[in-house]
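**Student:** Could you have a look at this structure, given as structure tokens, before my questions?
The values are calculated or read from the model by the stated rules, or taken from the named source; none is laboratory data. Given the structure is predicted, the values throughout are model-derived calculations rather than measurements. Reconstructed Cβ throughout: ideal geometry from the backbone, glycine too, with neighbour counts over all protein chains shown. For the accessible areas, the whole protein counts, side chains as well, though only heavy atoms, and no ligand, DNA or RNA atoms are used. Shrake-Rupley method; radii C 1.70, N 1.55, O 1.52, S 1.80 Å.
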Amino acid sequence: MPEKETLERAAEDKAEGKSPSTQAGEFVREEIEHVREGKHGARSAKQAIAIGLSKARRAGVKLAVPKKGKASKETRKQAARDLRKGKSPGKKKSAKRSRAMLKKLKSEGHRAASKTALSRHARSAAAKRSAASRSRSAKKAAATRKK
């Protein structure tokens, strides 16, 4: 379950009219902090981000399911399931499953949330995008920067 502050920050972002990815960023930040604090580990930066996005969808952030070809079939199915969970109150998560998941994550390392690991992930993610796409987002960022 996400922390109260994270839910509040995400709600604030939504009220300000910010995009779902910005709202979800709050959950990803929380997850990375959990790994850094030692609450649990993650195998990679990508896994820590995925857990954060899943929590965001389950908390009601209208974050789209990855397009076909961008993510595996299983990932898209899980994202769709999380999105549905966020829309309806649904059933409570199984305590046995929750405990098993946390036990597994606790055995993972904490280097996944290090600055170098996150930097490496960002570089590899950017490399998969086209030059035009990177340029577009850089121009957009420059336009929204405070003067």
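**Student:** Inspect the stretch 86-93 for any residue being under 19 Å from the mean Cα position of the chain (by Cα) and open to solvent by less than 60 Å² (accessible area, probe 1.4 Å) and give the result as yes or no.
**Tutor:** Within the stretch 86-93, one or more residues are under 19 Å from the mean Cα position of the chain (by Cα) and open to solvent by less than 60 Å² (accessible area, probe 1.4 Å).
**Student:** Which one of ALA112, ALA142, ALA71, ALA138 is open to solvent by less than 100 Å² (accessible area, probe 1.4 Å), of a type outside the set (Phe, Trp, Tyr), under 19 Å from ILE49 (Cβ atoms) and at pLDDT 90 or above? Walk me through it before giving the result.
**Tutor:** Numbers: ALA142 fails: under 19 Å from ILE49 (Cβ atoms); ALA71 fails: at pLDDT 90 or above; ALA138 fails: under 19 Å from ILE49 (Cβ atoms).
Going through ALA112, ALA142, ALA71, ALA138 in turn, just one is open to solvent by less than 100 Å² (accessible area, probe 1.4 Å), of a type outside the set (Phe, Trp, Tyr), under 19 Å from ILE49 (Cβ atoms) and at pLDDT 90 or above: ALA112.
**Student:** Okay, next question. Would the stretch 81-89 turn up any residue that is part of a helix (DSSP H, G or I), over 19 Å from HIS121 (Cα atoms), of a type in the set (A, V, I, L, M) and modelled with pLDDT under 95? Quick ask: steps written out before the conclusion?
**Tutor:** To start, the set of residues in the stretch 81-89 that are part of a helix (DSSP H, G or I) comprises 81-87.
Still in the running and over 19 Å from HIS121 (Cα atoms): 81-87.
Within this subset, residues satisfying the condition of being of a type in the set (A, V, I, L, M) are 83.
After this cut, where a residue has to be modelled with pLDDT under 95 as well, the list is 83.
Yes, the conditions are met somewhere in the stretch 81-89.
**Student:** Would you mind finding the one in ALA11, ALA24 that is within 20 Å of LYS93 (Cβ to Cβ), without any contact (Cβ under 8 Å) to a residue 40 or more places away in the chain and either open to solvent by 60 Å² or more (accessible area, probe 1.4 Å) or part of a helix (DSSP H, G or I) (or both)?
**Tutor:** ALA24
**Student:** Return a yes/no flag: does the stretch 50-62 have any residue that is among the β-branched types (Val, Ile, Thr), surrounded by 14 or more Cβ atoms within 10 Å (Cβ to Cβ) and either part of a loop (DSSP other than H, G, I, E, B) or in contact with a strand residue (DSSP E or B) (Cβ under 6 Å, 6 or more places away or on another chain) (or both). Before the answer, list the steps.
**Tutor:** Of the residues in the stretch 50-62, the ones among the β-branched types (Val, Ile, Thr) are 51, 61.
From the residues that got through so far, the ones that are surrounded by 14 or more Cβ atoms within 10 Å (Cβ to Cβ) too are 51, 61.
Next, only the ones that are either part of a loop (DSSP other than H, G, I, E, B) or in contact with a strand residue (DSSP E or B) (Cβ under 6 Å, 6 or more places away or on another chain) (or both) stay: 61.
For the stretch 50-62, residues among the β-branched types (Val, Ile, Thr), surrounded by 14 or more Cβ atoms within 10 Å (Cβ to Cβ) and either part of a loop (DSSP other than H, G, I, E, B) or in contact with a strand residue (DSSP E or B) (Cβ under 6 Å, 6 or more places away or on another chain) (or both): present.
**Student:** Outside any helix (DSSP H, G or I) and open to solvent by 50 Å² or more (accessible area, probe 1.4 Å): is that true of LYS77 in this structure? Please lay out each step first, then the result.
**Tutor:** On the way: outside any helix (DSSP H, G or I): no; open to solvent by 50 Å² or more (accessible area, probe 1.4 Å): yes.
When the stated conditions are applied, LYS77 does not pass them.
**Student:** In addition: Do you know which residues across the stretch 78-113 are within 18 Å of LYS46 (Cβ to Cβ) and free of Cβ contacts under 8 Å to residues at least 12 places away in the same chain?
**Tutor:** If the condition is that a residue be within 18 Å of LYS46 (Cβ to Cβ) and free of Cβ contacts under 8 Å to residues at least 12 places away in the same chain, then MET101, LYS104, ARG111 are the ones that fit.
**Student:** If PRO2 passes every condition in (1) surrounded by 19 or more Cβ atoms within 10 Å (Cβ to Cβ); (2) assigned to a loop (DSSP other than H, G, I, E, B); (3) in contact with a Phe, Trp or Tyr (Cβ under 8 Å, 6 or more places away or on another chain) but one, which one does it miss?
**Tutor:** Unmet condition: (1).
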